[in-house]
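Below is one structure; the comments refer to it alone.
Read the figures in this text as sums done on the coordinates, not as results from a lab. Fair warning: this is a prediction, and the values are worked out from it, not measured in the lab. With ideal geometry, Cβ positions are generated from the backbone for all residues, glycine too; neighbour counts draw on all protein chains shown.
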Amino acid sequence: MTTTTNSPGRGAMIDVEGVSKSFGETKALAGVDMSVPAGTVQGVRHGGGWRTRFGGALGVRRARGEEGLSVAMGKNGSPRPENHVIVLFGATGDLAKRKLLPGLFHLHAAGLLPREYRVIGSSPHANALTDEQFRERAEQACADFGITKPSDPSWPSFAERLSFGAAEPGNTADLEAAIQRAEKEIGGPPRLPRSSGRSALPAWPPATPG
């Protein structure tokens, strides 16, 4: 499998080709291609191989008994995506803990995320975290489930890009403020072709409203 970033004109956050994954003699995925355009909302549902697909694409799985990466990363000279603000809905849930946060850190350590980006975790106010609590949660998630561990020298530069903004229907002020702060920190709202420069990653089961 290969993972690449696209040229800035295409505006893709992730492009993967030939994703394959087997569990013993059972082949879960075979030659799957996937693209995540910048500025789009990508839902990740449980079942149907989607967790396996995103886990393989983000490099958070490896074969039993083997060390190192399970994904062939793009060459160091690959162009980075444009500056971006990523909102992770359901950030206190299991999918974010096991897949998305470790995967984002893995891409950060590999130099495959934008030069300037921010990741904003979000949840309803009843489960809201402070920025520091979200960073601690992300650190534990990467320690428990990621290939690239927080002991990697790149961890501090990833952690400083994390923040949290609670949101729920009719009450989105905290998240809106977090997005505005993030865009200011990266030099203003990103300018991407056919894109707002924001990506949302919902990390909840399909039955969850919203």
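Taking the Cα-to-Cβ direction at residue 176 and at residue 30 and moving 7 Å from each Cα, how far apart do the two end points lie in nm?
Here the answer is 5.1 nm between the modelled labels.
If Lys and Arg each add +1 and Asp and Glu each add -1, what is the summed charge of the other residues whose beta carbon sits under 10 Å from the beta carbon of residue 135?
So the environment of residue 135 carries a net charge of -3.
Can you order the peptides 153-165, 171-183 by their average number of other Cβ atoms within 10 Å per residue, highest first?
Listed from highest to lowest mean packing, they are 153-165, 171-183.
At 0.36 nm per residue, minus the direct Cα-Cα distance, what do residue 125 and residue 157 gain on full extension? Give it in nm, one decimal, please.
8.8 nm
So between residue 168 and residue 184, what do we pick up on full extension, going 0.36 nm a residue minus the alpha carbon distance?
3.4 nm
Residues with amide H under 5 Å of residue 87's amide H, sequence separation 5 or more or different chain, H placed in the peptide plane at 1.01 Å from N; which?
For residue 87, whose amide H was placed from the backbone, the distant partners under 5 Å are 120, 199, 200, 201.
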